[in-house]
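Below: the structure, in structure tokens.
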Amino acid sequence: MTNTYLDLLAYFGIGGAHPGGFNLTKAILENENIQPNESVLDVGCGTGQTAAFLAEKYNCQVTAIDNHPIMVQKARQRFKKIKVPVMVLEEDVHNLDFVDSSFDLVIAESVIVFTDISRTLKELSRVLKSDGSLIMIEMTAEHYLSEEQQKLACSLYGIKEVLNTEEWILQLHQTGLTQVEIINTPPELIKSEINDINPSIQINMDLFDIWDKHNEFLLHNGDFISYRVFKCRK
Amino acid sequence: MNRSDLYNQCCRFNGQRVRITCHDGRVHVGEITRVNRNMVWIRPDENLGGYGLGFFGGYGESGFGFGIALGAIAGIALASAFFW
Ligand SMILES: C[S@@+](CC[C@H](N)C(=O)[O-])C[C@H]1O[C@@H](n2cnc3c(N)ncnc32)[C@H](O)[C@@H]1O
């Protein structure tokens with residue numbers, strides 16, 4: 001399956017491509033007491049900004065996966081360039097090649113919404129240790145979305161549905177992630193500076209059109225769709 | 001990006017704040033003020049604080065900022081954005 005919105009992020013090589021950007025990532029991680037012996041999985045790592053930061057700052061054992069070949073290649077390039085020991089693998093989050101209970105912390109920054117949500121949550125819960133945490137930043141409906149708005153979001157972003165907060169929590173509970181905490185974030189969709197970028201030499205003009213459509217979508221629907229940061233434990 | 005795509009892209013971003021990466025690795029951030037087939041002009045961010053409104057002394061009298069040859073440009077994108 002191809003997803004042109006994700007291609008946009010991959011070809012432009014945009015780091016911190018999630019609501020709140022890298023600043024939100026740093027703010028969230030600051031409150032986690034991550035130890036050097038802990039194993040952390042960054043799923044849908046994109047170009048690897050968060051994974052690199054985790055390895056550099058916390059010295060922990062970082063594994064990063066993504067199923068987009070260009071993302072994986074750019075992440076690998078980054079880790080090599082700055083010499084951080086991150087293991088990076090091209091894998092599908094629906095079906096991970098790790099044994100059960102492998103990780104103390106799993107991070108998904110704007111990833112799960114692009115997948116089959118219940119399958120992905122099951123898989124992430126499987127690889128999470130019994131006392132581990134899953135932190136996820138995900139698109140969330142703020143108000144009731146009309147059928148038209150749902151359709152538009154789904155076709156533009158290649159997703160199946162936009163869940164609201166209660167629906168996310170329900171999905172998490174059904175997966176056995178029973179302790180769910182919502183981390184406070186600013187309500188507006190604040191733009192982040194795009195200062196971590198690694199564009200491909202050839203960028204198809206269609207992707208600029210997608211970017212325009214995305215901006216247009218935010219302009220008209222930004223009051224209806226926002227995001228949440230969930231911290232979950234079993 | 002080839003020259004004509006780049007030109008079209010600069011036109012499209014006219015008036016917006018962009019980040020331009022040059023082949024030599026230099027990065028310029030600012031608002032596009034003018035575009036032609038060979039050059040794009042940007043008014044860099046740092047100007048806003050430093051010189052006072054309306055005066056862009058460091059970058060010529062035109063107020064267009066400074067020009068970058070399209071041939072020197074490796075990539076161009078909006079300088080800030082919101083992404084899911
Ligand atoms: C919005 S981007 C976020 C990237 C990165 N987490 C960041 O914050 O910059 C979503 C990422 O999820 C990845 N992704 C989407 N579906 C996936 C799947 N089934 N398996 C693995 N990665 C996936 C995409 O390739 C993309 O890199």
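The values are calculated or read from the model by the stated rules, or taken from the named source; none is laboratory data. Every value quoted in this text rests on a predicted model; they were computed, and no experiment measured them. Note that each Cβ is placed from the backbone with ideal geometry, even for glycine, and that neighbours are counted across all protein chains shown.
Observations, loosely collected:
- On inspection, A:N67 fails the criterion of being surrounded by fewer than 22 Cβ atoms within 10 Å (Cβ to Cβ), more than 14 Å from chain B (Cβ to nearest Cβ) and away from the ligand (no atom under 12 Å from the Cβ).
- Tabulated pairs, region A:138-156, first within 13 Å of another protein chain (Cβ to nearest Cβ), second surrounded by fewer than 17 Cβ atoms within 10 Å (Cβ to Cβ) and of a type in the set (D, E), C-beta under 7 angstrom, 6+ apart or interchain: A:C154/A:E161
- Subset tally (residues that are surrounded by 19 or more Cβ atoms within 10 Å (Cβ to Cβ), more than 10 Å from the ligand (Cβ to nearest atom) and either under 12 Å from A:I194 (Cα atoms) or hydroxyl-bearing (S, T, Y) (or both)) for region A:24-39: 0
- The residues in region A:80-122 that are within 14 Å of the ligand (Cβ to nearest atom) and not hydroxyl-bearing (S, T, Y) can be counted, and the count is 25.
- Long-range neighbours under 8 Å by Cβ, at least six apart or interchain, first residue without any contact (Cβ under 8 Å) to a residue 12 or more places away in the chain within region B:1-25, second hydrophobic (A, V, I, L, M, F, W, C) and in a helix (DSSP H, G or I): B:D5/A:M205; B:N8/A:M205; B:R12/A:F208
- Residue in region A:137-146 that is more than 12 Å from the ligand (Cβ to nearest atom), farther than 20 Å from A:E38 by Cβ, over 16 Å from the mean Cα position of the chain (by Cα) and of a type in the set (S, T, Y) present: yes
- Residue match in region A:157-164 (condition: at the interface with chain B (Cβ under 10 Å from one of its Cβ atoms), aliphatic (A, V, I, L, M), in contact (Cβ under 8 Å) with a residue 12 or more places away in the chain and under 30 Å from B:R3 (Cα atoms)): no
- Residue in region A:44-58 that is surrounded by fewer than 23 Cβ atoms within 10 Å (Cβ to Cβ) and out of contact with any helix residue (DSSP H, G or I) (no Cβ under 9 Å at 6 or more places or on another chain) present: yes
The rows are residues; the columns are (1) outside any loop (DSSP other than H, G, I, E, B); (2) modelled with pLDDT under 95.
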site: A:W168; (1), (2): yes, no
site: A:I182; (1), (2): yes, no
site: A:T185; (1), (2): no, yes
site: A:L189; (1), (2): no, yes
site: A:S200; (1), (2): no, yes
site: A:F208; (1), (2): yes, yes
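- Sole residue being within 13 Å of chain B (Cβ to nearest Cβ), on the phi > 0 side of the Ramachandran plot, touching a residue at least 40 places away in the same chain (Cβ under 8 Å) and within 11 Å of the ligand (Cβ to nearest atom), chosen from A:G21, A:G15: A:G21
- When region A:78-99 is limited to residues that are charged (D, E, K, R) and touching a strand residue (DSSP E or B) at 6+ places or on another chain (Cβ under 9 Å), the one that is surrounded by the fewest Cβ atoms within 10 Å (Cβ to Cβ) turns out to be A:D97.
- Looking only at region B:1-15, and only at residues there that are within 21 Å of B:S80 (Cβ to Cβ) and more than 10 Å from chain A (Cβ to nearest Cβ), the one that is surrounded by the most Cβ atoms within 10 Å (Cβ to Cβ): B:C10
- Qualifying residue in region A:210-228 (condition: within 19 Å of A:S125 (Cβ to Cβ) and either more than 11 Å from every other protein chain (Cβ to nearest Cβ) or not in a strand (DSSP E or B) (or both)): yes
- Whenever a residue of region A:25-48 is more than 19 Å from A:T185 (Cα to Cα) and more than 14 Å from chain B (Cβ to nearest Cβ), its partners that are in a helix (DSSP H, G or I) and more than 16 Å from the ligand (Cβ to nearest atom), lying with C-beta atoms within less than 6 angstrom and at least six residues away or across chains, give the pairs A:I34/A:Y58.
- Extreme residue, farthest from the ligand (Cβ to nearest atom), among residues of region B:56-84 that are touching a Pro at 6+ places or on another chain (Cβ under 8 Å) and at pLDDT 85 or above: B:A74
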